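The values are calculated or read from the model by the stated rules, or taken from the named source; none is laboratory data. The shown structure was predicted, so the numbers you read here are calculated from the model rather than taken from an experiment. Note that we place each Cβ from the backbone using ideal geometry, even for glycine, and neighbour counts take in every protein chain shown.
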């Protein structure tokens, strides 16, 4: 009975989504306030019924209701309860329902927290989000029903959750990633509403900016969690493989980073209006593209969910409708937008524009590298693999250029900057950054061009950010008073910049100075890696809840002193008989020691992978800094100011000195 109630709830949610997509929009076009007023109640009802459906599917997993096909295919009675909960989104149907729940949640959040916006604007925004929800609800009801029954042939037990997904990282990674993916639908909805109104002004950018920043922050954390999971769970010790599905999440992040920059300029100075709207459309389109790649079956990956061509065709149609309709509207509306604000060839506007150009170039690079092999394969022109060497050669220079541009842009001024003054201002930061990067090369043992460039960019961003913070803290009442005067948006920018620097430093050092050894070891053997001695002390076995594991005890010592003991495992799961690797990791702020058991190569000998990973934690710590910067920025009191009219707020009337915004936190 409960699965049928879940199915009925999804049908009711579809009906409410259709009403949300039409009634408020008709009210906005015709000027009927009573029709516009339906937007918020419909958004609330939509969320309630989607949440009921999700709760009933969760209940089916927790109670081992194997009469539901999706539960039978993705769970097992031996599965620990917390993995039963995460198994709800462990397969295609449930993860799609989680996506729709997130979309309904974002719609409800806009309805609740945008009460001060003009009623016409909010009606149009919620109507656009209703249209997107209609598409995904039709998708799940027609092709991906999570409540399909196996009656009367109910299996005695389930097929189990993929062992790769039986991990804490996969409990939190998909919700965070989806919050980012789906959150960009809000920026898209605001952009479409602005195009419908023909009002591409600073006001819509101000309304859209906090929502976009929140989505970008969630996506940042989601990508970092995915990288962290791949590092410790897959047993190879890498943190980014340029897998097409990994790229599918990176694409909207890159475009979204450009979008939050562009929104800052549009809000602050009233420029880049058409460009900002286009970025909002492109960012959400790339989120839909990622959904298509993961769920269409065109990719083979540990991350991919589905291989049903019908599902792929449906998603491709949804993607095409979204892109064609939004770009058609853009083509009609954007050309009439005119910007009266002027700025010089050396100004903060120019630096942010160049920043956008570099980010869009990086997005196009990753997009081509991801899709080109798929297109070749589809056309029967052969198979081509584009991997890490290609991206290291092409993406790395763009990332370094973005970092260098970011540091220079911090000291530029709106409208016009004197070139001589800027050059003198950047002289000492450049010299200090050069010294820091050279010191890093000495510490980690040698010069390589990429290591030097990466460390220089990271040092440059750090030094310029801290120097700007020092300058802004100056006050005739003392530096503490000067720091108190700065806005939360400014401190969000500082955190974001430092996060970028940390991520760049971590990626540079671990890629250029990490050490790896694959050795054959038996209990009692030792191996050297750098100045560390790794001793295989013991081989044992332990029983888990739904697996049996063979583990090795490895003692790590330096100069005869024990510094860590690691227990990497080889697990065999009872139901599917899959064999999985669980690495042993001694984590630290400055380095990780990574040990993984490979295959047995003799009666008591094993292939063992030993890795020394300097600064690898800085990758994920930097992502947390960036996301924290976003959270701090949206707490700025400017976003709680009441909107008294639909007239666009002019950027010139706001404070110029304090709010650089986390949108500049690249």
Failed item, numbered, when residue 172 is tested on (1) in a loop (DSSP other than H, G, I, E, B); (2) closer than 30 Å to residue 230 by Cα: (1)
Failed item in (1) at pLDDT 95 or above; (2) surrounded by fewer than 22 Cβ atoms within 10 Å (Cβ to Cβ), with residue 623 passing the rest: (2)
Whichever residue in segment 474-492 is in a helix (DSSP H, G or I) and at pLDDT 80 or above and, among such residues, is surrounded by the fewest Cβ atoms within 10 Å (Cβ to Cβ): 491
Those helices (runs of 4 or more DSSP H) lying entirely in segment 22-107 with at least 2 residues over 30 Å from the mean Cα position of the chain (by Cα): 33-36, 69-74
Residue check for residue 610: within 24 Å of residue 514 (Cα to Cα), assigned by TED's automatic domain parsing to the domain that holds residue 541 and more than 26 Å from the chain's Cα centre (by Cα): yes
Residue within segment 409-430 that is within 31 Å of the chain's Cα centre (by Cα), under 26 Å from residue 591 (Cα atoms) and in a helix (DSSP H, G or I) present: no
Qualifying positions in segment 91-108 - more than 14 Å from residue 51 (Cα to Cα) and either in contact with a strand residue (DSSP E or B) (Cβ under 6 Å, 6 or more places away or on another chain) or modelled with pLDDT of 90 or more (or both): 93
Residue under evaluation residue 147, criteria (1) assigned to a helix (DSSP H, G or I); (2) modelled with pLDDT of 95 or more; (3) surrounded by 19 or more Cβ atoms within 10 Å (Cβ to Cβ), criterion not met: (1)
Qualifying residues in segment 1-32 (those that are farther than 20 Å from residue 189 by Cα and in contact (Cβ under 8 Å) with a residue 60 or more places away in the chain) - the one surrounded by the fewest Cβ atoms within 10 Å (Cβ to Cβ): 4
Members of segment 242-291 that are in contact with a helix residue (DSSP H, G or I) (Cβ under 7 Å, 6 or more places away or on another chain) and assigned to a loop (DSSP other than H, G, I, E, B): 242, 270, 271, 272
